[in-house]
Amino acid sequence: MNITCTPIKRATIFGCALLLASCGGAGDSPPPVISITFAGGASGSVAQGQSIALTVTVANDTSGRGVAWALDGVGALSDQTGTAVEYDAPVTLSSAVTATVTASAVSDPSKSASYTIA
């Protein structure tokens, strides 16, 4: 019985090595999920014309960019930083109302948390 071996060309070996390297390894894991939590819970109250300071903890934010703030309802936001904001209630109101302050991760806006103020 005769067996003939064909030499493998270097280009073939190099191409296979590149293909394997681009596949990634089994040990690769996705980046940790960003989570945002308000210090002291997710709701509170404030009197007319008063302010409340809100802070958040942003876990797994490897970019360190913090959050962007948004307000839904009456009042205003001031002194905004990447992890803190001040909510300023209106001076006059005709009835009791609520406002919602939302903190969204700058590096992944789909990750957010909300704080309801009465």
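What follows is calculated from the coordinates using simple rules that are stated; it is not laboratory data. Note that the structure is a prediction, hence the values are computed from the model and not measured. Because the Cβ atoms are built from the backbone with ideal geometry, glycine has one as well, and the counts that use them run over all protein chains shown.
Which net charge results when you count Lys and Arg as +1 and Asp and Glu as -1 among the other residues whose beta-carbon is under 13 Å from that of R65? In short, -1. Can you work out the PRE-style zone for S78? Point 7 Å along Cα to Cβ, and I want the residues of the range 32-56 with backbone N under 19 Å. Output list for this probe position: 45-55.
Taking label positions 7 Å along the Cα-Cβ direction at both S94 and Q48, the computed distance is 1.3 nm, reported to one decimal. On the beta carbon distance between S112 and S29, with R0 = 25 Å, the FRET formula returns roughly 0.55.
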